[in-house]
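The values are calculated or read from the model by the stated rules, or taken from the named source; none is laboratory data. Keep in mind it's a predicted model, so treat the numbers as computed, not measured. Cβ sites come from the backbone with ideal geometry, for glycine too, and all protein chains shown count toward neighbours.
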Amino acid sequence: MDNKHYIIGAISGDIIGSVYEWHNVKTTDFTLFSNHSRFTDDSVLTFATMDCLLNNKGYAETYHKYGNDYPHAGYGGRFKGWLHSDGLKPFNSWGNGSAMRVSPVGWAFNTLDEVLQQAKASAEVTHNHPEGIKGAQTVASAIFMARNNKTKDEIKKYIAETFGYDLDRTIDQIRPEYRFDVSCQGSVPEAIIAFLESTDYESAIRLAISLGGDSDTIACITGGIAEAFYKNVPEHIVKSVPALLPANFVELLGQFSMKYR
């Protein structure tokens, strides 16, 4: 399919943010792509979620397989330990890994109840802590509402009332003191605020990365929501991303987008 129709917002955010995860910029004025831009664990597990939804696969088994197929993508320590385990038991994580991989769920279902249920299912195979589940449900529901033409005010109100995140801050207020935070509670609301303040997809990504911290994951989360809301990713970004992905990921992206776009 024409790559301009790819559901690629989260993947693009991850790749653009990958350069800045350990070299925070604290500004919206930065280069989107460089020779060091790459996909990370955020993209690997987002593709795993696409595969689960397209092919009715189990989340735990699929995350385990993808993680071991791409072992150097930058996983957190506890998830890396899970990849080397045989039991596939959840480890009560509240990390933002549950939120960064969930974006396909927001596209694949027709009701908010289904989205919330599937977001929980995708999270709890590893991140079965209430905060881990909440982070995934927040991101998936925001994408669902955005693609169904809800306003930013409606999305903000729902998330604040349902999940209790404080969205009444601004990026300028958060940025000066914000530091690396891998928790859902310390990165998901910040990613949503970046979306809420944005004027288009690219500005959302730039605001997200300007916070610093876990830049690729924050941009991945923001990018998934922004794409659903603005209905597109700019052509100059969409053209750059597939060349940075393995052929099997590009094929999966096309299949998922064809079915759910």
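What the table shows:
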quantity: Residue list for segment 66-94, filter: over 21 Å from His129 (Cα atoms) and surrounded by 15 or more Cβ atoms within 10 Å (Cβ to Cβ); calculated: Tyr66, Tyr70, Ala73, Gly74
quantity: Any hit, segment 161-169, residues being closer than 16 Å to Ala191 by Cα and in contact with a Cys (Cβ under 6 Å, 6 or more places away or on another chain); calculated: no
quantity: Positions within segment 162-189 being within 15 Å of Pro130 (Cα to Cα), in a helix (DSSP H, G or I) and touching a Phe, Trp or Tyr at 6+ places or on another chain (Cβ under 8 Å), in sequence order; calculated: Val188
quantity: Residue that is nearest to Asn24 (Cα to Cα) [pool: residues in segment 216-235 that are in a loop (DSSP other than H, G, I, E, B) and not hydrophobic (A, V, I, L, M, F, W, C)]; calculated: Pro234
quantity: Number of the condition not met by Ile159 [criteria: (1) part of a helix (DSSP H, G or I); (2) touching a residue at least 60 places away in the same chain (Cβ under 8 Å); (3) surrounded by 19 or more Cβ atoms within 10 Å (Cβ to Cβ)]; calculated: (2)
quantity: Near pairs, Cβ below 9 angstrom, 6+ apart or cross-chain, from segment 236-248 (more than 16 Å from Lys4 (Cα to Cα) and in a helix (DSSP H, G or I)) to any residue that is at pLDDT below 95 and not β-branched (Val, Ile, Thr); calculated: none
quantity: Residue tally, condition surrounded by fewer than 19 Cβ atoms within 10 Å (Cβ to Cβ) and within 19 Å of Val102 (Cα to Cα), over segment 240-250; calculated: 1
quantity: Enumerated helices (runs of 4 or more DSSP H) restricted to segment 27-105, each holding at least 1 residues that are in contact (Cβ under 8 Å) with a residue 60 or more places away in the chain and of a type in the set (D, E, K, R); calculated: 41-55
quantity: Test: residue in segment 220-239 that is within 23 Å of Gly97 (Cα to Cα) and surrounded by fewer than 19 Cβ atoms within 10 Å (Cβ to Cβ); calculated: no
